[in-house]
Amino acid sequence: MSDVRIVTEADFEDWQRALATGFLQPPALAPGELDARRLQFVPGRLLGAFDGGRCVATFRSFAQELTAVGGGLVPADAISNVTVSPTHRRRGLLTRMMNQDLAAAKERGDVVATLIAAEYPIYGRYGFGPATWSTQWTVEVPRAGLDPRWSGPDDGGRIDLVDGAEVRKLGPELYERFRRAQPGAVSRDELWWQAHTGAVRFRADWTEPFHAVHRAADGEVRGLVTYKSDDTWNGKQPDQTASVLKLTATTPAAERALWHYLCSIDWITKVKSGFRGPDDLLPCYLPDPRAARITGHADWLWVRILDVVRALEARTYDGTGTLVLEVVDDAGLAGGRFRLEASPEGASCVPAGTEGADLTLGVGELASVWLGGESVLRLAALGRVREEREGAARKADALFRSSGAPWCPDIF
């Protein structure tokens with residue numbers, strides 16, 4: 001039987017090889033890549049399964065903050081780098097690593113756990129539920145109806161090209177303002193900014209992208225886009241695509257200006273949006289919204305609630321109401337019966353004892369509605385939420401819904 005244990009620094013190279021194998025990538029890393037990845041090593045937060053001294057499964061978690069509805073920040077156990085080698089599947093290795101990590105997160109006081117699921121069927125059995133979704137658009141620039149002579153924002157602002165060093169100076173403060181207003185957004189540490197600007201390179205084939213910032217008339221940075229371009233020509237006719245890696249803006253005017261900038265670059269005939277929120281305004285910024293075609297849509301951030309009371313009290317509610325929720329958690333980490341009293345002034349959540357429940361739902365279903373992106377009524381129609389009192393699902397749906405879709409702009 002394989003031994004599941006905390007990974008030490010001495011194990012790290014073998015663990016990294018198993019990680020690459022699990023994701024079907026070349027298992028050997030160049031020395032510089034391995035040194036860069038060592039910066040992600042946090043004692044006690046890497047797990048591995050070992051068989052005969054060889055690492056055959058990997059698991060990493062790290063500290064994160066997740067923005068709840070209304071801007072509250074909750075501590076999260078972010079899970080990443082989950083693999084099981086093809087020779088050791090169906091032996092319960094992921095279950096053992098997941099159970100060990102979630103138990104540690106619960107003891108640490110994390111309110112939720114988060115992850116980006118590479119495959120849909122895996123994580124529901126551990127109490128995770130899809131909580132944000134992501135949409136990709138491709139803009140056909142010639143059809144968009146924008147003025148090709150556009151040379152900058154018409155509100156007194158400006159757009160400037162900057163390098164990675166400047167992004168590391170300007171980006172963190174801009175992103176902090178953005179994420180505190182965006183349910184589903186997660187924190188970024190210094191290593192994130194270094195890795196996304198080339199100061200630290202996890203891959204030998206990393207190439208420098210373009211960066212452009214939007215500055216308002218008073219000089220405040222209100223937007224940042226990072227993008228790459230291919231080099232496609234049809235004979236002597238340029239037919240190039242700008243692919244957005246990240247676009248962050250704190251005002252609609254800044255966001256509009258950055259999209260217009262991308263569509264006005266000479267030789268660019270298509271703009272790929274990257275992963276955006278499902279209610280993103282991009283199509284409506286174009287005179288012809290049909291020029292933006294949806295080319296991808298899927299679940300994105302998955303959440304696992306570890307503390308029901310703190311999670312429900314951390315977010316805001318537009319309406320007023322009281323609900324008694326029977327939360328089912330097969331792992332025994334967060335289940336129970338809870339009385340939620342919510343209003344725009346705040347929320348209180350306490351154990352409900354023997355009081356009759358209005359709704360019964362799994363902890364994964366609670367995670368899906370917690371950020372406001374899923375409908376209680378939809379889940380009830382699917383048989384995933386059980387209404388114990390008539391009308392409770394509609395009441396809960398109105399209470400948990402938020403005014404904007406949650407969105408996580410990052411992958412981790």
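For the reader, a short list of remarks on this structure follows.
- Rounded percent of accessible protein surface that carbon and sulfur make up, the chain, 1.4 Å probe: 50
- Note that the chain presents 46 Å² accessible area per residue, ligands and nucleic acids not counted, probe 1.4 Å.
- The stretch 72-200: proportion of alpha-carbon pairs further apart than 26 angstrom, %: 49
- Solvent-accessible surface ranking, highest first, for 120, 317 at 1.4 angstrom: 120, 317
- If the segment from residue 267 to residue 234 were pulled out straight at 0.36 nm per residue, it would be longer than the present Cα-Cα gap by 10.7 nm.
- Rounded accessible area of residue 143 (nearest 10 Å², 1.4 Å probe): 130
- Dividing the Cα radius of gyration of the stretch 225-324 by 2.2 N^0.38 Å, with N the residue count, gives 1.52.
- Once the Cα-Cα distance is subtracted from the 0.36 nm per residue extended length, the residue 245 to residue 10 segment shows a gain of 81.2 nm.
- Reciprocal of mean inverse Cα separation for the chain (Kirkwood radius, Å): 23.2
- Residue 84 contributes an accessible area of around 40 Å² to the protein surface, as traced by a 1.4 Å probe with all chains present.
- Under the span-like rule (Cα at least 20 Å along the axis, Kyte-Doolittle mean at least -0.5), DSSP H helices of the chain: 93-108
- Per residue, the convex hull around the alpha carbon atoms of the stretch 31-113 comes to 129 Å³.
- Size of charge dipole - the chain - debye, nearest 20, with Cβ of Lys, Arg +1 and Asp, Glu -1, no other charges: 660
- The chain, relative contact order in percent, only Cα pairs under 8 angstrom and at least six apart counted: 19
- Listed residues 232, 83, 295, most fluctuating in the chain (Gaussian network, C-alpha, under 10 Å): 232
- log10 of Debye I(q)/I(0), alpha-carbon scatterers only, for the stretch 292-412 at 0.10, 0.12, 0.18, 0.21 Å⁻¹: -0.30, -0.43, -0.94, -1.28
- Spatially close Lys pairs in the chain, defined by Cα atoms under 14 Å apart and a spacing of eight or more places or different chains, total 4.
The values are calculated or read from the model by the stated rules, or taken from the named source; none is laboratory data. Because the structure is predicted, anything quoted here is derived from the model rather than measured. Ideal geometry is used to build each Cβ from the backbone, glycine not excepted, and the neighbour counts take in all protein chains shown. Heads up: the accessible areas ignore ligands, DNA and RNA and are worked out on the full protein's heavy atoms, side chains in. Shrake-Rupley method; radii C 1.70, N 1.55, O 1.52, S 1.80 Å.
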